[in-house]
Structures are given as structure tokens and as C-alpha cells.
Protein chains: 2
Amino acid sequence: MFRELKIEMPEFEKVEYKPKPVREILLEMKNLSELMIDLAYSAALFNDKELAEEVLELEKKVDTLAYLLDMTIMIAARNAEDAEALAGVAKVAGATDKISDAAADIATIVKQNIGIHPIVTKIFEQAEEHIARARVDEKSVMVGKKIGKLNLTAKIGVDIIAIRRGRDWIVKPSDDEKILADDILIARGTPLGISKFRDIAEGKIKRIVGVKDDATAK
Amino acid sequence: MFRELKIEMPEFEKVEYKPKPVREILLEMKNLSELMIDLAYSAALFNDKELAEEVLELEKKVDTLAYLLDMTIMIAARNAEDAEALAGVAKVAGATDKISDAAADIATIVKQNIGIHPIVTKIFEQAEEHIARARVDEKSVMVGKKIGKLNLTAKIGVDIIAIRRGRDWIVKPSDDEKILADDILIARGTPLGISKFRDIAEGKIKRIVGVKDDATAK
């Protein structure tokens, strides 16, 4: 009924048991595994090893959450009725873990340089949207700004779909989320937009054309 | 290197070998499996057996595509270099199949009435967006209209994310796609919007308020 414990468990830095509602853990697992699939396909199709690395980072996070969820479920079940209903949750979580493993499989292919046949990648290069990662340089105009204020969607056609901050992930960040130096941003947009986005994050472009509050830029 | 053949293969109506580019098959598998995940979670969280059925329908389709892809890859590989590059594609397809299986696992839980603990479903009920399916009645004002013309996004806050037409699936249909009687529409939107959407598809509401060309409605 519960997932098998992963062999790589000792890799976890610390799996501290912090009580957290079952629904929150499951929702987080769902969001992270969906992000993993998005990133994994992009990594494979554009042979992007950096994205592949992020997928493998995400897998560790999902594994940790799966472990935390099992513990929480065991503690939450107080009678047979509870146990039955929670078994359903455990199964959904198990399937989520399987999804995350499959995404990690794809990422591993990319890391191992197995490669994808050019006839496949060609069509995707022409696809409208790319996904890319960028690390925010301390000199970037993004530092300390809220995502909503940057207005990247309107200005350069790019959406930040996730932020990795150290070992924490913020999936579908809100407009109020502030960007910090050293954040890893995962963004989706047109190839041109993504290229601009990278330069802005890395501090190579100091003005996001049209953004009103870019007076802070040198 | 290649996926194991599924035991349930005899269920396929006919797996006719029609030559199709590898990239197209893989892209279709990717889109269908992503749709499956979306539908599977919605099915689980809202205990929606109809959505669960659609997920299982989609799995059959993905299985058929996986089989077709294996055949195509075998035929396409003409030398060692080809074979190596195509092995990568086969692995990505294998992972996609695994994702689709996991989504089907979730759907099976829903069908078997195992259920999800109420503490989990509660939060999702308050979530902004729902996913639902609706069959287009022959008397619906939608019949024969292009999606773009219906303007559902602006009018009722609902997006059609997929259409099932018999055994065919149209994922992310374009604005030019015409809706036919008996289409199964999968839509995403606010709870209120989705409820209106169902009534429109089933022919209970004859006017989509604000849509210019609803003069055809009785």
C-alpha cells in the first residue's frame, strides 16, 4: 500500500519530521512532478544538461516529500475508516512518485549524452516556446524586485514558472514573489525572449525596456 | 532498450502500421500523457469517475502510439549511429509510457472507489480551477462552431483543453477547430464557468451571453 523506500534515501541531507497537512504535501508533490515533466522534455529536446540537473534536484525533493507523506499518513490514521481513505492518498502519492521517476529517467538520458535523434529535435527547435534556466547575478536589475513589477510577460514574452532557492522550490510563483541574488529561475517563452531573459538575469542587460522602475539600474 | 510489450495489447482494435514521423508520434505521446496527468489528478481530487474513464481511454491511445513508435524506430535505424540516436528516443518514449501508466493508476483508484480522504479534497474544492468533461448534444449551440468563435475564455472563463472524437484525441485544439455533435470536450475553468459550460454543451443553455453569432440558437 505504501511506496517502497528508495535506496538513495541516505542521500537526503536531513529528513526532519515536521508536521504538515497531507493535502499540502500532496499538492506540492503534484506541482513539482508536473514541473519535472515539463523540464525533462525540454532538457531532452534541446539537449540542455542544466535543465536535466534541475530535474534530478527536483526528484530528490519529491522523494523527500513522499517519505514525509508516508510518515504523516501513518500518524494521521486513527481508525479503519481513516486508514482506508488515506490509502487512496498513499496510492496517488505513489503514482506521483512514479511520474517523478520517469521524468528523472529522461533527465538521466540527457546527462549521459545518449542524445535524441536530430529528426526529433528539429521540429522542437521551431516550436514557439522554450524553457530555460538562469541564475540571477547579484548585479542583475532583477534582484530585490517582485515578479509582477518586472512585467516580463508583457515586455519580453517570458513567464517565470519556477524558482529554485538553494534546496527550496517555488512552483508557479506569485506576482508578489521577490527575486533574490543566486536564485535559479526557470522560465518559459519565445526563443528570443528567453535569450533576453538570460541576459537580464545574468546582469548583461541592465534595462528591461519599458519597465517603469528600472531607474535602479546603473 | 525498447519497452516491453503490454499484456493488454490484444485489446487494441487494430494497430495498423501507418508510417508517421518519429517526432510526430513522440510529440503526440508527450501531449497525451501530460493531459492524462491533469485529468487524473482532477479525477482523484473531485472523485470524478467520468474523467477517470477518459484517462483510461487516453492510456490505450498512448500504448498504441508506443507500439507504433517502436516499429517506426526499428524501421528507421539503418546503421549503428542511427540506432544509438534512436535509442535515446526509445528511452524518452519509455518514460512517457511510464508517466501514462502512473496517471492510469490514479484513474483506477477513482474507478475502484477507494476514495481520497476528505481533508485532501477540501482544499481542492476551493481551488480556482476545475477540469470537467461534457458531451456535446446535437441541439447544443456549440455544434458546427469554431472554438475561437465561441469565445468561451472571455465570456465564461473556460478553456477547452482537449476534444475526444470517437477514438481520436485533439489536445490543445486550435481556435479554428470546429465542434461536432457527440464530441467529448475536456475543459478547464472556474467552478461557475464549468457549470455553465456543461449546460451549454448539453444544450440546456441556448445562448452564450455576449457571443455575437448566437442568432443560430433557437
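Points worth noting:
- Shortest-first distances to equivalent copies, position B:LYS146, nm, label 7 Å out along Cβ: 3.9
- For A:ALA76, net neighbour charge (Lys/Arg +1, Asp/Glu -1) across residues whose Cβ lies under 13 Å away: -2
- Computed 3J(HN,Hα) for the range B:27-33, one whole-Hz value per residue from the Karplus formula 6.51 cos²θ - 1.76 cosθ + 1.60 where θ = phi - 60°, is 4, 5, 4, 4, 5, 5, 6, glycine and proline marked x.
- Take the Cα of B:GLU84, step 7 Å toward its Cβ, do the same at B:ASN151, and the gap between the two points is 5.7 nm.
- Shown for B:ALA83: label points 7 Å from Cα along the beta-carbon vector, and their distances to the equivalent points in the other copies, 5.3 nm in ascending order.
- Closest approach of any chain B Cβ to the axis that rotates B onto A belongs to B:ILE99, 3, distance given in whole Å.
- Orientation-averaged projection of the range B:128-216 equals 5.0 nm² [convex hull of Cα atoms, one quarter of hull surface area].
- Cut-off 12 Å (backbone N to label point 7 Å along Cα→Cβ of B:GLU138), residues of the range B:167-181: B:181
- Across identical copies of the chain, A:LEU192 has label-point separations of 3.9 nm, listed in ascending order, with the point defined 7 angstrom from Cα along Cα→Cβ.
- Comparing Cα centroids, the range B:26-67 and the range A:42-71 end up 22 angstrom apart.
- Between B:GLU24 and B:ASP175, the simple spin-label model (points 7 angstrom out along Cα→Cβ) gives 2.6 nm.
- Remark: the range B:9-111 is approximated by an ellipsoid whose semi-axes, taken from the C-alpha gyration tensor as √(5λ), come to 29, 14, 9 Å, largest first.
- Per the accessible-area calculation with a 1.4 Å probe, the total area buried between chain B and chain A rounds to 3400 Å².
- Mean Cα-pair separation over length for the range B:9-111, i.e. relative contact order, pairs under 8 Å, 6 or more apart, %: 42 percent
- Computed 3J(HN,Hα) for the range B:151-156, one whole-Hz value per residue from the Karplus formula 6.51 cos²θ - 1.76 cosθ + 1.60 where θ = phi - 60°, is 6, 5, 4, 6, 6, 10, glycine and proline marked x.
- Per-residue mean of foreign Cβ neighbours for B:99-112 is 5 (Cβ atoms of other chains, 10 Å radius).
- Applied to the range A:37-48, the Karplus parametrisation 6.51 cos²θ - 1.76 cosθ + 1.60 on θ = phi - 60° returns per-residue 3J(HN,Hα) values of 5, 3, 5, 5, 5, 4, 4, 5, 6, 9, 6, 9 Hz, with x for Gly and Pro.
- Accessible surface, per residue, of the range A:128-216 when the full set of protein chains is kept, probe 1.4 Å, Å²: 52 Å²
The values are calculated or read from the model by the stated rules, or taken from the named source; none is laboratory data. Predicted model only: the values in this text are computed from it and were never measured. As a convention, Cβ positions derive from the backbone with ideal geometry for all residues, glycine included, and neighbour counts pool all protein chains shown. All accessible areas refer to the heavy atoms of the entire protein, side chains included, with ligands and DNA or RNA removed. Shrake-Rupley method; radii C 1.70, N 1.55, O 1.52, S 1.80 Å.
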